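I have a structure I would like to understand better, so I am pasting it below and will then ask my questions one at a time.
Every number in this text was worked out from the coordinates using simple rules, so none of it is lab data. These figures come from a predicted structure and were not determined experimentally. Because the Cβ atoms are built from the backbone with ideal geometry, glycine has one as well, and the counts that use them run over all protein chains shown.
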Amino acid sequence: MNDSVQIKAPFGAKLHLHNFTYWELGTNRIQSAVTSFSLGTQPCPIGTYSINRGSSKGFTIENHVKCIPCPTGGNCTSFLAARPNFWGYPLDDKVYFTFCPQGYCCAAVNQKSRYHNSSYLNSGCQGNRTGILCGRCKKDFSDTLFTTRCLPARDCTHRWYLVIIFICTLSFALFLIRKPPVFKLLMKNLTWFLPSDKRKDYEDTSSLDSGDKTNGTASYGFLKITFYFYQIAGVLTISNYGVSGVLKDNIVLPAISLLDFKISVNNDWSICPFPGITPLSKTLFQLAAVTAIFMWIPFIYLLHSGLNKLRKRTSALPPSGPYLGAILEIVLLGYSAATGTATKLLNCVNIQHVSRWYYDADITCYQWWQNASIAAIALFLFPFILTLYFASLRLYRGQLSAKMFVLACVFPLPCLLLVLVFHVNKVITQPRDCKEMTSTTTLVNHEDEKDTCNTPSTIEQSVLEVLSAPFCKPKDDQSHGRIYWESVLIGRRFILILIGSFVEPAFLRSVCLSILCLFFLLHHISRKPFAQFRANLAETVSLATLVVIAILNVGVTSYYSAGLEAWGVQSECVQIFLLTEAVLLCFVPLVFAAVVLLSLVSQLVRLTIILIQAVQWLVYKSKLYSQGLRMGQYEPLSSSA
């Protein structure tokens, strides 16, 4: 056998040559030495691997196989394979595995995805995904909005979804402008059968606010609590794998997406309105709802002005207070979606010594849109917290107009720098010998501010209702009350989203989020920022539920972040954790849906009773008419002809 004969062992196996010599009696009864040889393979032991293979040219053995310990995220029981939700890539003579975005790699938990070094870009990917970290769809396929599935481009014809977005964003913009008393209407529809005095008492006790406030501000406290709960719940549960089921896919994820103004969640809704959707466009599309609502508000204002002009009303311009309040409301509620999108765009991983975007690893960092995200965080998202704190106090004291406050919220950094310059200039230029004079004049100024604050304009009142209606007001000039508490809620969102986006590994991230949620709960209990006892109690329950969800996620993430499978009792515990989490997250949507359903059923019953009474009245009148005809009191209708 010469060197033209090549023999190769399987990948991860060594090639061994065994030869032995023996004497053999020939035909002439002459003994001759005979040498025999055999080739055998030896795979790497369990728990080790190699991406090389043994080979031979003729009798020359070339063994470059070095068995090394199995990498994190890999499974080396029989052959090298990726654990669930991991993707492998070669670097020199080693293989490294990295965590995949949810739904990209290794479909099922009990399925092993074998690693192929020659085709690692296509190995371990779900469905029609391919590329580094399975970040893209194959050619002639497109991403979907609600899943990580790749549909054929010819099937991307779901234009009706854009119409739904159009209607929903317009409806929510009108809701923010008009602020109808939803809870009061529901209670009224549910208690229509009660006597008027009892129904009024029931509505008063069921009201979500007390005092002489309008119906529009009645639900502000509970609205803020609900939005904060589900926006933070989306951060706590976003890193989990294997969290599936009817409750979570069909109720929890749509609810979290709706209250966080996101257009994309992970469930079974394979919606593709147009071909060419990529992870980048899908991420940017998450801001579509917030942007659309923000643009609808001035459009509705202009439309309202045009209608007033057509009707030839004395004041063509409608009151701007509700519209400025709606703009402020969408800025506050959409802050979580904007921060989450900005941090998601900056999530990069190191693969083969190259920094790549986590959700589409074919894109290297840093692109122009990532630089824009950094600028957005530095120029808007972070300064917004400080600007909201200082501007809230100045607005309440009458030192800042509502229009300037809204402008400061839209452009926080310039306004923050301007306030800082004015403050430094005031400290530097203030004469030391005039401190007593200023101390006496400030008392007069505070009295003037009290008078002006007691009679705020419609614009200031609308903005203050959005900003501080549910929070404790200052009791004297020395205290701030809890007017600034909206900035605290925004700051909490910012911190949790940053940790949820950048802290690795997932187990450490879940632990940090749990500690922060517990700290926020204790902080709320010590401060009690809401003016109502019921609102403080609801926020306490909400924050305590977030702590429970965060702790449950620590147990779940400890398995899924390592690609491990829970067996036996451990598997039952994980399923209990997931079910408990789903029930906690489903409680509010189910209760609200039940109240709405009962309200509709109650109104249907009411309509049925009204129709029955109408029929009875018609029957009664017809009987009276027939009796009158028999007694001669009425003339037949035909006689008049």
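FRET efficiency for Gln367 and His18, Cβ-Cβ distance as r, R0 = 41 Å, nearest 0.05?
E(calc), rounded to 0.05, equals 0.10.
So, one more: In nm, what is the difference between 0.36 nm times the number of residues separating Trp160 and Leu508 and their Cα-Cα distance?
Using 0.36 nm per residue and subtracting the Cα-Cα distance, I get 121.1 nm.
Would you please put 222-230, 578-586 in order of how densely packed they are, using the mean number of other Cβ atoms within 10 angstrom per residue and starting with the highest?
Per-residue Cβ counts within 10 Å, averaged per peptide and sorted highest first, yield 222-230, 578-586.
Further question on the same structure: Note down the nm distance, to one decimal, between modelled labels 7 Å out along Cα→Cβ at Lys8 and at Lys309.
7.7
Simple spin-label model, 7 Å along Cα-to-Cβ: Cys573 to Ile61 in nm?
Result for the modelled spin labels: 4.7 nm.
Right, next: If packing is taken as the average count of other Cβ atoms within 10 Å, what order do 550-557, 415-422 fall into, highest mean first?
550-557, 415-422
Quick check: Cα centre of the stretch 520-554 to Cα centre of the stretch 292-312, how many Å?
39
Using R₀ = 35 Å, calculate the FRET efficiency as 1/(1 + (r/R₀)^6) where r is the Cβ-Cβ separation of Val424 and Leu317; round to 0.05.
Efficiency, from the Cβ-Cβ distance: 0.35.
Cα-Cα over 27 Å: which of Lys282/Lys403; Lys188/Lys623; Lys57/Lys94; Lys138/Lys344; Lys184/Lys312; Lys224/Lys344?
In this structure, Lys282/Lys403; Lys188/Lys623; Lys184/Lys312 lie more than 27 Å apart at Cα.
Using the beta-carbon distance between Val591 and Leu302 and R0 = 35 Å, what value does 1/(1 + (r/R0)^6) give for FRET efficiency, to the nearest 0.05?
Calculated value: 0.35.
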